[in-house]
Structures are given as structure tokens and as C-alpha cells.
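Only the coordinates and a few stated rules stand behind these numbers; no lab work does. Keep in mind it's a predicted model, so treat the numbers as computed, not measured.
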Amino acid sequence: MSTAPWLESAFVLDSKLLELSGRLAELGLPTEIKSNDDLMVIMEAIKKEVVAKIRLWEFYVLDVDYNAEAAVNAWLNKETYTPEEGLDFPGDIGELAAASLEKQVEFVTKFGQRGTDRLGERFRRKIDPKLASSFLSYTLGGYESNNGPDKAAAKAKIVQLLDILNVEFYKEYDAEVDEKYFSSCSIGSNMYDWMIMAPS
């Protein structure tokens, strides 16, 4: 999928659905869909055997550990943006330390998020490490080896923000998966089509 990364999640999902369609009897699932009850049984199997096993949510969310590590490393190395670099930071950026958590999240969302323009590969969505480092420097202060904020405090702060950002991404994932694959599933729906053609 290197030439069309935006299709990767759909390809992985469709491949796993096709695999499941050939294992219905093996898993003790209905091989002939005679009622919506039969369909609901298979829907539960899709959640367990397909969605969970391919970790579909990874196409929507941030990798918290990876992004936190990248942010803290940038902070330790004093890699931050300066006003001369042309980023349109608000004039009161110096007040981030005293700002509410909500305002801090808004700042990182506006200036730091990357890869949110479309779906792509797993964990396409990221936070710019240099922006995250700038945020940490404004809220905690710069890293000093002998005094000041330490690595653990910086990591705890950025993980807190990443977890909050991920709440919205998980909501997007839940809504999209439910809308596309489950909420409208009934006999005659698109999701039904692959099951009635499943190998017996």
C-alpha cells in the first residue's frame, strides 16, 4: 500500500473480513443468514475476530509512548521554535504555564498536530516534537541537568495532553466504525453482502 497509504486501513479490514467469511463454520457461526439475530451474532464476531485483531484504532489515534518520547527528547536537547521561525503563535504564549488545561490542549491541537488531514498508515497522526518541546519549555521551563523540571515531569505533562487528544480520535474511530459497519447492518445491507457469499 506504499502508493496509496490512505487505503491501507480499508485494505487490512477487507482482507480480515474475507478471512473471517471463510471461517464461519469453524468458529461455530451461522453460515446461512436467515435472520437479523444471525447477523448480530456475526457482528459480534467481527468485533472480536476482525476489528480487535487488526487493531483498527491504530489508524486513527496517536501513539502516546512514541510521541511522548520524541517530545521529551526534543525538550532535553533544547529543540524549540523561536518567533523568528514564523509560526503564528498567539501573543500570550508566555501565559501557557498559567493557562487552563483546556487552553493548553487547544494550543497543541492548533500548532502541533500533524497527519490529521486524512487516514493513512498506522499512527499517522503525530505531534511535532519541536512544538511539543516549545510547549514544555513555556509551561515547565527549559531542561537543566542540575535543577529545574526533570524528564519525568516533562513526560507526565506531555502524556497528559496526548491522552486528552486521543479521546477525540477514539471518538472519531468509534463513530466511523459504528456508522460504516454496524449501525446500519441488516439483511440487505452492504455488510450483509460479503456474508451471504461466504464459503461454506
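For the reader, a short list of remarks on this structure follows.
- Computed lengthening from Lys151 to Ala175, 0.36 nm per intervening residue step minus Cα-Cα distance: 5.0 nm
- Cross-link partners of Lys34 among aspartates and glutamates (Cα-Cα below 16 Å; sequence separation of 8 or more within a chain): Asp193
- With contacts taken as Cα pairs under 8 Å and at least 6 residues apart, segment 62-167 reaches a relative contact order of 42 percent.
- For Lys130, the lysines whose Cα comes closer than 28 Å to its Cα, not counting residues fewer than 8 places off in the same chain, are Lys78, Lys103, Lys110, Lys151, Lys155, Lys157, Lys171.
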